[in-house]
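No value in this document is a laboratory result; all are computed from the given coordinates. Everything numeric here is computed off the predicted structure, so don't read it as measured data. So basically every Cβ, Gly included, is an ideal-geometry build from the backbone, and we count neighbours across all protein chains shown.
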Amino acid sequence: MEIIEKIQNQVTELLKDQFELELLSNQVVINKTRRDVAGDLTLVMFPFVKQLKKSPQEIGDIFSQRLSTTISEIKAIEIAGGFLNISLSDEYWNKVLKDLYHNPSFGTFPKNGKKILVEFSSPNTNKPLHLGHIRNILLGWSTSKISEAAGYKVIKTQIINDRGIAICKSMLAWQLFGEGKTPDSSNIKGDHFVGSFYVAFETHFKNEYNDWQNSAEAKNIFESESKENESYEAFLKRFKNEYFNRFSALGNQAKTMLQAWENDDPDIKALWKQMNSWVYDGFNTTYEALGVNFDALYYESDTYKLGKDIIENGLQDEVFYKKEDGSVWIDLESKKLDHKLVLRSDGTSVYMTQDIGTAQLRYKDHGVDSMIYVVADEQDYHFKVLFEILKELKEPYTDGLHHLSYGMVDLPTGKMKSREGTVVDADDLIKEVIDEARTGASDRGVLESISIEEREDIYRKIGLGALKFFILKVNPKKRMIFDPKDSVDMQGQTGPYIQNAVVRIESILRKLSDWDESLYFSYSSPLQIEKDLVKSLNEYPSEVLKAAEDKDPSIIASFAYELAKDFHKFYHDVRILKAESHSAKAYRVVLCTSIKNTLTKAMDLLGIEMPERM
């Protein structure tokens, strides 16, 4: 707000002129006044008490005298303890409203010349997208949109985990149990089709392991390898992965397939490409339903060998050290981390190696100033280590590395488990929220006058609005419980509640006739609720910048909800089309239009579309 800068500049000039105290303008703290206190802006005076050796009342008197005589927009000033509550004139707020009403770029900042890469989604090709992916995708997409609004050029990317033992499990299960079926012949979406074979592999492996547990071999292994006082049941739970690697027939087949893939076996590579293509078709359908796209794609099958040359160069520069077995490590104890493996003794890479190489490749490809990794908080330690390694390597982009860490999504019944097929599938969830929107509208019978196609588009917008807002209104760092029933609630702090505010305004504007915008400035005494709405609107640009800086879409979600809530109250309490005067009507039409435009922009930053009707 320019008025805040004006006040800050006057205070710093006063302090320099009268007290020879030099401060930067941003050291003068000015906040929005609490709603239960008279005023618009509050200047905090406590920091100056010790510096000026005066009481808050004395400082308030000095500041009030200066501000009231130099800034015409100020109507009144009240000293309240260590705070200076400043009221701005009605003319000022009228001008603010008119300026933003005529500004189509309100809340969108000019290009700042900086470039951000945002990595999100990054799924495995052995299973379809699920609820956890949805939170990741929506956070990544919204962060990208908010960053663009804040003036950054954004490259949206994902790294697709398309290789490894998990993918081979799906491939092997299709070979063993697929009977030559395809997504088309089975009438099953491609990612679901492939994912069903991953679950099938785990089911057959579980049965194989259960059978093995009763064998003499299992008993002998327990006798020789169990821990002291360890029960047979506890041993079997702990030994499952070891069994897969040493004894499992299915495990041996899957590992053999992975070796064949790494040796470029033509038949295995052909099967791999075919099954991945089925998955990509399925992913793209889900992304399209969510309104999401990417600017650049990376594949682990291309990147898994990256980073080895960087490690070799780092060894020469003594960033890394080599152990006697030939493995390569980095010592990060001085960073309050530990020693981290970056290259195995056989020369093969680990995930850290790949991530180092991929970061460098992306910088070469795009020349970005910042890289934002949208990854669940289970990987917090991994990214702390990665970023420290890149700093030790003196990569030029390390100041702009950021892990957008988010809490996992649980069901009311507990964690989701992909291996057991107990996940909330993304496609099923999308269908469920749209069906719920359809049911709600049908019960009210409000859309019967429009075509089926128009109705279905409205159901889609309402359902997805409910889903996206439910996910994004939660601060990313918080773990959240997803309850499908709560997510599609059309009342309270929900997407449809905000959409309904916009629909109400659209309805007002459709009925509008006989109004003259030029009468707007004749409305000289706006109501407090009207001024509060203008104040809220005026905060939108700063909320965009804060959300971009914090990488937190919930800031925008909270802003949109509060603005919509205030509008709904205004709609119920104040006459708009039948206002008491032509000037009041003009003012309220301008105000409503500005609220509609701002809510539409804010919700667009969350990836949420506005329906025409509800």
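Among DSSP beta bridges whose residues both lie in the chain, state the antiparallel percentage, nearest 5. Just about 50 percent of them are antiparallel. Filter the cross-link list Lys255/Lys322; Lys114/Lys535; Lys153/Lys596; Lys308/Lys364; Lys111/Lys473; Lys206/Lys273 down to pairs whose alpha-carbon distance in this structure exceeds 22 Å. In this structure, Lys255/Lys322; Lys114/Lys535; Lys153/Lys596; Lys111/Lys473; Lys206/Lys273 exceed 22 Å between Cα atoms. Report, in degrees rounded to the nearest 10, the 0 to 90 angle that the Cα long axis of helix 131-149 makes with the longest principal axis of the chain. The helix 131-149 is inclined about 40 degrees to the chain.
Less than 19 Å from a label point 7 Å out along the Cα-to-Cβ axis of Gln274: which backbone N atoms in the stretch 156-174 qualify, by residue? Under 19 Å, as judged by backbone N against the label point of Gln274, lie 163-164, 167-174 of the stretch 156-174. Summary of the geometry: the stretch 1-58 and the stretch 517-567, compared by the centres of their Cα atoms, lie 24 Å apart. For the stretch 426-605, just say rounded, prolate or oblate: build the C-alpha gyration tensor, square-root its eigenvalues into a ≥ b ≥ c, call rounded for a/c under 1.5, and beyond that prolate if a/b exceeds b/c, oblate if not. Note, shape of the stretch 426-605 comes out oblate. Using the empirical formula 2.2 N^0.38 Å as the baseline, the Cα radius of gyration of the chain reaches a ratio of 1.20. Neighbours of Ile74 by Cβ distance under 11 Å: Lys/Arg scored +1, Asp/Glu scored -1, total +1.
Compared with the direct C-alpha span, the chain from Lys546 to Gln493 gains 17.0 nm at full extension, assuming 0.36 nm per residue. Counting charges near Glu262 (Lys, Arg +1; Asp, Glu -1) among other residues having Cβ under 12 Å from its Cβ returns a value of +2.
In plain terms, the chain from Asp486 to Leu315 could stretch by 56.2 nm, reckoned as 0.36 nm per residue minus the Cα-Cα distance. Packing-based ranking of 497-510, 524-537 yields 497-510, 524-537, ordered from highest to lowest mean Cβ neighbour count within 10 Å. With Cα atoms defining each centre, the stretch 363-382 and the stretch 132-208 are spaced 21 Å apart in the structure. Note that the stretch 195-209 has calculated 3J(HN,Hα) couplings of x, 5, 7, 5, 5, 4, 4, 4, 5, 5, 5, 4, 5, 4, 5 Hz, one per residue in order, obtained from phi through the Karplus relation 6.51 cos²θ - 1.76 cosθ + 1.60 (θ = phi - 60°); glycine and proline are x. In this structure the amide hydrogen of His130, modeled in the peptide plane, comes within under 5 Å of the amide hydrogens of Ala426, none closer than 5 places in sequence on its chain.
Converting phi to 3J(HN,Hα) with the Karplus coefficients 6.51, -1.76 and 1.60 and the offset θ = phi - 60°, the stretch 248-259 yields 5, 5, 5, x, 5, 5, 5, 5, 5, 5, 4, 5 Hz in sequence order, with x at every glycine or proline.
Within the straight-line cut-off of under 25 Å between alpha carbons, the lysines reachable from Lys478 are Lys145, Lys156, Lys336, Lys384, Lys415, Lys417, Lys468, Lys546, Lys551, Lys565, sequence neighbours fewer than 8 places apart in one chain being disregarded. Principal-axis analysis of the Cα atoms of the chain puts helix 554-573 at an angle of about 40° to the longest axis.
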